[in-house]
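In what follows, a single structure is set out as structure tokens and then discussed.
What follows draws every value from the coordinates through simple rules; no lab data is involved. Just so it is clear, the model here is predicted, and its values are computed rather than measured. Virtual Cβ from ideal backbone geometry, glycine too; neighbours counted across all protein chains shown.
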Amino acid sequence: MNKPNQTRAEIGAEPSKQSSRRGRTAVRLDPDTLPNNPRPTKKIRKSRDSQKRGDDVRLRVLQAALECFGIFGFDGTSTRAVAERAGITHTLVLYHFGSKDKLWTATMANVLDGYRSSVVENLDNKDGRPAADVLKRFIEQFIRLSAEFPQIHRIMTMEGSQNSPRLQWLVENYLKDHFIRVRDIIKQAQNEGVVRDCDSSRLFYYIIGGGGTLFSISAEYMNMTGRNVFSEVEILRNIAFIYETVFI
């Protein structure tokens, strides 16, 4: 019903106004497209936190595996034993590494990659130092690695006694190149007249054995001598002893 004082124009305009109001289209904005929206940041932070947790788990497994392989060898170690030592589920070990063989490879690579990167600059000797200085630096680096990771010498000794696929992997990826580099430095130092004139290959293994063995039998050494081979004093004595027997 029309109100008493409405004009015809006003009456005619009313439906148009109502139609216009009804015809508006609501636009829903995607909150992810708005600037300075905190939601994507939370997603990124959650992803980074998840990745960090995954990295932490991997590191714990690798540390536990190094201890197990160093004590029990490859055959005496199980992925369940590694999981128990790491304090995580067996499923997580398999999720990150797949199998015991892959875990062993990852464990060795985790240590040896760091060692290789630390010694390669010295062995390359791009600054042209005397071979004797390069060899002395290598001996110190190797002995300190052996003190930090005594399990490596034990594992190498066990694997070196059998021609296993694991030994072949070590030879192809680390040992062969390492042996050639150090042996050639020994030969150069012999030519300089500062290293004993003997078979350079045997001298290489003498340095490796003398530099690493005491750390791999630290309990026996402690019982026999009363000395902690991992102390800085004993490490320096070990370095000095190798120097005395290798250099003239």
Among 100/136; 102/187; 126/187, the pairs whose Cα-Cα distance exceeds 29 Å are 100/136; 102/187
Spelling out what I want: for every residue of the stretch 208-214, take phi, set θ = phi - 60°, compute 6.51 cos²θ - 1.76 cosθ + 1.60 (Karplus), and round to whole Hz; glycine and proline get x. 4, x, x, x, x, 5, 4
Place +1 on the Cβ of every Lys and Arg and -1 on the Cβ of every Asp and Glu in the stretch 99-246, take the dipole about the Cα centre, and give the residue among 229, 105, 164 whose Cα lies farthest towards its positive end. 164
By counting other Cβ atoms within 10 Å of each Cβ, how are 68, 198 ranked from fewest to most? 198, 68
Amide H proximity to residue 194 below 5 Å, modelled H, separation 5+ or other chain, gives none
From the phi of every residue in the stretch 216-231, what ³J(HN,Hα) in whole Hz does the Karplus formula 6.51 cos²θ - 1.76 cosθ + 1.60 yield, where θ is phi - 60° and glycine or proline is x? 7, 10, 4, 5, 4, 4, 5, 5, 7, 10, x, 10, 8, 5, 8, 5
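What is the sum of charges, Lys and Arg at +1 and Asp and Glu at -1, for the other residues whose Cβ falls under 14 Å from the Cβ of residue 106?
+2
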For residue 247, distant residues with modelled amide H under 5 Å away: none
R0 of 51 Å, Cβ-Cβ distance residue 202-residue 56: FRET efficiency to nearest 0.05: 0.70
